[in-house]
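Reading through the structure tokens given below for one structure.
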Amino acid sequence: DIDYLIDIVFKKQTPLHVKTVYTSPIKYFIATTHAQSWEVEYFSQKDGIDIFELMRASKAIPFFYGRSVNINGSRYHDGSNSSAVELHIQKALALGAERVIVLDSNTKFPHILIHLWLFFKGRIFKKWMMKEYRERKNLAKTFRIHKNIFFCSASNITSSAIDNKQSILKANFFTWYNEIVKRMWE
């Protein structure tokens, strides 16, 4: 429940220190998908947009959440592009990153569900989606051999995206940490 996570957990139970986030010298970029164009857009603290609404949009999977999120008069949601690690790496490199550490927590999505979802989409959308998919796969091949891009993928992680036990999260953190340290010293 995205609304519960944002409105109750992040705002009340364990409040996110918004002022600290907005004034931090560390830049953040939150990826969302524009609901009409399906293009990925990145927002940062310099855009002055409510971080809670950005987080809500970045996790608003259309089928499950049931609606998109209004940001500056446009509608946004989660989508295959806004969760595409290849596009995030490309963005980091375009911003001048010299070293990229990828904690790829994406789980494998059953192909049958993707095909079922695409069945209900129009021909133009299907064609665009397949083009995007091929471009991302080509980027992935390039990034996998890049010496300054370090991957730690979900295959190294023993839990799913919805696990919340402290012991599991801690174990996953150290799995990621050890993998990155190992790769950086190779």
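The values are calculated or read from the model by the stated rules, or taken from the named source; none is laboratory data. Keep in mind that this is a model prediction, so the values were computed, not measured. Counting neighbours? That spans all protein chains shown, and the Cβs are built from the backbone with ideal geometry, glycine included. The accessibility values were calculated without ligands, DNA or RNA, using every heavy atom of the protein model including side chains. Shrake-Rupley method; radii C 1.70, N 1.55, O 1.52, S 1.80 Å.
What the table shows:
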quantity	calculated
Computed accessible area, Tyr4, all protein chains, 1.4 angstrom probe, square angstrom	110
Accessible area of Ser83 in the full protein assembly, 1.4 Å probe (Å², nearest 10)	50
Pairs from Lys59/Lys137; Lys137/Lys170; Lys127/Lys147; Lys141/Lys165; Lys11/Lys121; Lys91/Lys131 whose Cα-Cα separation, in the structure shown, is over 27 Å	Lys137/Lys170; Lys127/Lys147; Lys141/Lys165; Lys11/Lys121
Placed amide H near Ile101: partners under 5 Å, 5+ positions off or other chain	Phe150
Inter-probe distance in nm under a simple model that places probes 7 Å from Cα toward Cβ, at Ile8 and Thr175	2.8
